[in-house]
Amino acid sequence: MRKMNPMKIRYALIMLAAIVGVLSSGCATAARRTTALAAAQYGTDVGVLDKLERGARLGLADLGELGRRGVPENVVLAHLKRRDDVYRLTTGEVLQLREAGVSDGVIDYLLASPEQLARRGPRIYRGGGYGYRGHRIGGFGHRGGGRHR
């Protein structure tokens, strides 16, 4: 019986792991693309479409854009649930989202997101929103943010 070269075995295992990684990420990519295509049918801004396709976090201004364009609630919720982000909304922000046409179902989901944080533990975000233990590091749109403590 012929002995296999350890380098060839290692290379084969690395290639197998890469193939499994690509195949398993394909479903998420297809779901993100489907969400972006659905939002594109309503004339959604290109920047928001890019975030949907990349699976990036949506700011409140982005959610307002989706609401103004009339993107269906189930499309927006699909993206939010895949991301599992936490939003802490002020009363003013809720009113701004309502004025922008964001559905009550989406707003209810956003308002319930801090409870999700409490169940799963702290999570840090690098841009916009809230980070570890609820310290504010951004806000509605891109008006900059406070400092992470």
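Where a number appears in this text, it was derived from the coordinates with a stated rule and is not lab data. Remember, predicted model here, so these are calculated numbers, not experimental data. Backbone-built Cβ (ideal geometry, glycine too); neighbour counts: all protein chains shown.
Which of rounded, prolate or oblate describes segment 31-92 when judged by the alpha-carbon gyration tensor and an a/c cut-off of 1.5? Cα axes put segment 31-92 in the oblate bin.
The Cβ shell under 14 Å around Arg82 holds other residues with a net charge of +4, Lys and Arg each +1, Asp and Glu each -1.
Listing Tyr109, Tyr87, Tyr42 from fewest to most neighbouring C-beta atoms within 10 Å gives Tyr42, Tyr109, Tyr87. Net charge in the neighbourhood of Leu97 (other residues with Cβ under 14 Å of its Cβ; Lys, Arg +1, Asp, Glu -1) is -3.
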